[in-house]
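A.B. asks: Shown below is the structure under consideration.
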């Protein structure tokens, strides 16, 4: 159930069948020269909507902005701070809780470590504060398992690479503008690079040339299946 498309009466009625709200998190972030800036949002929102065809739960409007560190200097990236992401998450969940929702799935199409950590930290605080709540906070890539990553031929595939390009080819093929060249970042970890563009100019982590619509369809379907399982699990689990 797409929350922003519902009337207040429909929302009140739907609460009788589910008290679960999924909040998708995306980014406005450089994804090579071939993918749109909202790639992370596109992927997680589509997977969530497909999962909702299997069982009833609310889907909140996506949070379109995220914490982007490695791609922060790249053209088009509009990052927010971890403080902003935590505050926004807390405000939305508190309001939803006040309206009768109790199970909250905070799920991101962006896998950045600081971004996901901020979501999880907010979830920890909210779990302590909202005594009848159950909260999950994660990136979708934490639950697709080995079979998800096995869809890629490229070893170590990640950002704007084979899998993400395949997913966008399946969801919105007109938004894919050719293919950026194969690239892997050369960031000097654990040292924090000041000039990240020097070490990762193309904002690609993998080989987009190996992407196919068929791989994208399989990936989105797998993501939807894992979301369905998560919705069922959060309803059943006891955390007291």
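The values are calculated or read from the model by the stated rules, or taken from the named source; none is laboratory data. All figures in this text were calculated on a predicted structure; none of them were measured in a lab. Cβ sites come from the backbone with ideal geometry, for glycine too, and all protein chains shown count toward neighbours.
A.B. asks: All but one of (1) farther than 21 Å from residue 200 by Cβ; (2) surrounded by 16 or more Cβ atoms within 10 Å (Cβ to Cβ) hold for residue 15; state the number of the condition that does not hold.
C.D. replies: Exception for residue 15: condition (2).
Conditions tested, residue by residue: (1) modelled with pLDDT of 95 or more; (2) closer than 16 Å to residue 68 by Cα.
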position	(1), (2)
103	yes, no
112	yes, yes
193	no, yes
201	yes, yes
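A.B. asks: Then there's this: Name, by its number, the condition in (1) closer than 18 Å to residue 19 by Cβ; (2) in contact with a strand residue (DSSP E or B) (Cβ under 9 Å, 6 or more places away or on another chain); (3) not in a helix (DSSP H, G or I) that does not hold for residue 100.
C.D. replies: (2)
A.B. asks: Looking only at residues in the range 18-31 that are assigned to a strand (DSSP E or B) and touching a strand residue (DSSP E or B) at 6+ places or on another chain (Cβ under 9 Å), which one is surrounded by the most Cβ atoms within 10 Å (Cβ to Cβ)? Give the steps one after another, and end with the answer.
C.D. replies: Looking only at the range 18-31, we keep the residues that are assigned to a strand (DSSP E or B), and these are 20-25, 31.
Next, from what is left, pick out any that are touching a strand residue (DSSP E or B) at 6+ places or on another chain (Cβ under 9 Å): 20-25.
On the way: 20: 22, 21: 22, 22: 26, 23: 25, 24: 27, 25: 30.
Among residues in the range 18-31 that are assigned to a strand (DSSP E or B) and touching a strand residue (DSSP E or B) at 6+ places or on another chain (Cβ under 9 Å), the one surrounded by the most Cβ atoms within 10 Å (Cβ to Cβ) is 25.
A.B. asks: Only one of 124, 183 is farther than 19 Å from residue 24 by Cβ, surrounded by 17 or more Cβ atoms within 10 Å (Cβ to Cβ) and over 18 Å from the mean Cα position of the chain (by Cα); which?
C.D. replies: On inspection, the qualifying residue turns out to be 183.
A.B. asks: What about residue 72, is it over 17 Å from residue 43 (Cα atoms), more than 14 Å from the chain's Cα centre (by Cα) and in contact (Cβ under 8 Å) with a residue 40 or more places away in the chain? Steps first, answer last, please.
C.D. replies: Numbers: over 17 Å from residue 43 (Cα atoms): yes; more than 14 Å from the chain's Cα centre (by Cα): yes; in contact (Cβ under 8 Å) with a residue 40 or more places away in the chain: yes.
Judged against the criteria, residue 72 is a match.
A.B. asks: Now for a different question. Please enumerate the residues belonging to the range 47-62 that are outside any loop (DSSP other than H, G, I, E, B) and either modelled with pLDDT under 95 or surrounded by fewer than 21 Cβ atoms within 10 Å (Cβ to Cβ) (or both). Steps first, please.
C.D. replies: Our first condition is that a residue be outside any loop (DSSP other than H, G, I, E, B); within the range 47-62, this holds for 47-51, 58-59.
Once the filter is applied, which keeps residues that are outside any loop (DSSP other than H, G, I, E, B) and either modelled with pLDDT under 95 or surrounded by fewer than 21 Cβ atoms within 10 Å (Cβ to Cβ) (or both), the range 47-62 yields 49, 50.
A.B. asks: Look at the range 92-121 and say how many of its residues are surrounded by fewer than 17 Cβ atoms within 10 Å (Cβ to Cβ), more than 21 Å from residue 223 (Cα to Cα) and within 19 Å of the chain's Cα centre (by Cα).
C.D. replies: Summing the residues that are surrounded by fewer than 17 Cβ atoms within 10 Å (Cβ to Cβ), more than 21 Å from residue 223 (Cα to Cα) and within 19 Å of the chain's Cα centre (by Cα) in the range 92-121 gives 2.
A.B. asks: Within the range 196-209, can one find any residue that is touching a residue at least 40 places away in the same chain (Cβ under 8 Å), farther than 30 Å from residue 125 by Cβ, in a helix (DSSP H, G or I) and within 19 Å of the chain's Cα centre (by Cα)?
C.D. replies: No, because not a single residue in the range 196-209 is touching a residue at least 40 places away in the same chain (Cβ under 8 Å), farther than 30 Å from residue 125 by Cβ, in a helix (DSSP H, G or I) and within 19 Å of the chain's Cα centre (by Cα).
A.B. asks: Please verify whether residue 60 is more than 27 Å from residue 129 (Cα to Cα), touching a residue at least 24 places away in the same chain (Cβ under 8 Å) and touching a helix residue (DSSP H, G or I) at 6+ places or on another chain (Cβ under 8 Å), treating the condition exactly as stated.
C.D. replies: In short, no.
A.B. asks: Please find, among 46, 153, 142, the residue that is touching a residue at least 60 places away in the same chain (Cβ under 8 Å) and closer than 21 Å to residue 166 by Cα. Outline the logic, then answer.
C.D. replies: On the way: 153 fails: touching a residue at least 60 places away in the same chain (Cβ under 8 Å); 142 fails: touching a residue at least 60 places away in the same chain (Cβ under 8 Å).
Every option except 46 fails the conditions.
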